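Participant: I have a structure here, written as structure tokens, and I will follow up with some questions on it.
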Amino acid sequence: MKLTARGAVALAFVATVAGYVLASVFGLGFLMGLVFIAGNLFGAMLVNRRELLSLVVTPPLVFFCATFIVELLRAFSSASVLGSLALGLYTSMSAGAPWLFAGSAIVLAVAWRRGLRDNVRDLREELRSVTDVPRPRREQAFAPEPEGYFEPRVYGTARHDEP
């Protein structure tokens, strides 16, 4: 079974939200981090090889989005939604930073092993070929500076009065 990059990102996102739910139910904070890493690991192992580059950059975004949604839902039950959201995001992102770093490193290692290097090389060649192709010159269909718009043009030669 192979996933697209979107499917792998969705898998990591759902796993992270599920990790938050499990951590709040069982009271084990590290459970969220383990489920986040597992979701990213399975996503990196199941994604199509040609889409590894898209997946490698997403763990921080997935972690932030899942944290934001969970903390927003928690903040609705408090008196000050904005203050609770800000404090919840700060504490959750700070506490989850080691898990985020570990998940990103594991995804990068698995993707590198599965052929990320080839994806990067293909992207470089594609970008290089796009910039090496000379663009055809177009004839200008308009005058970039209308006559007399910025400075007047004087036609003919200067007139010298002879005494």
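Participant: Which FRET efficiency, nearest 0.05, do LYS2 and THR91 yield, Cβ-Cβ r, R0 45 Å? Intermediate results must be reported in sequence, preceding the final value.
Facilitator: Numbers: r = 37 Å, r/R0 = 0.83.
Calculated value: 0.75.
Participant: Relative contact order of region 1-106, please, whole-number percent, based on alpha carbon pairs below 8 angstrom and at least 6 residues apart.
Facilitator: 32 percent
Participant: Using a 10 Å cut-off on Cβ atoms, rank the peptides 15-24, 114-123, 67-76 from the highest mean neighbour count down.
Facilitator: 15-24, 67-76, 114-123
The numbers here are math on the coordinates, done by the rules we state, and not lab data. For clarity, every value in this text was computed on a predicted model and none was experimentally measured. Ideal geometry is used to build each Cβ from the backbone, glycine not excepted, and the neighbour counts take in all protein chains shown.
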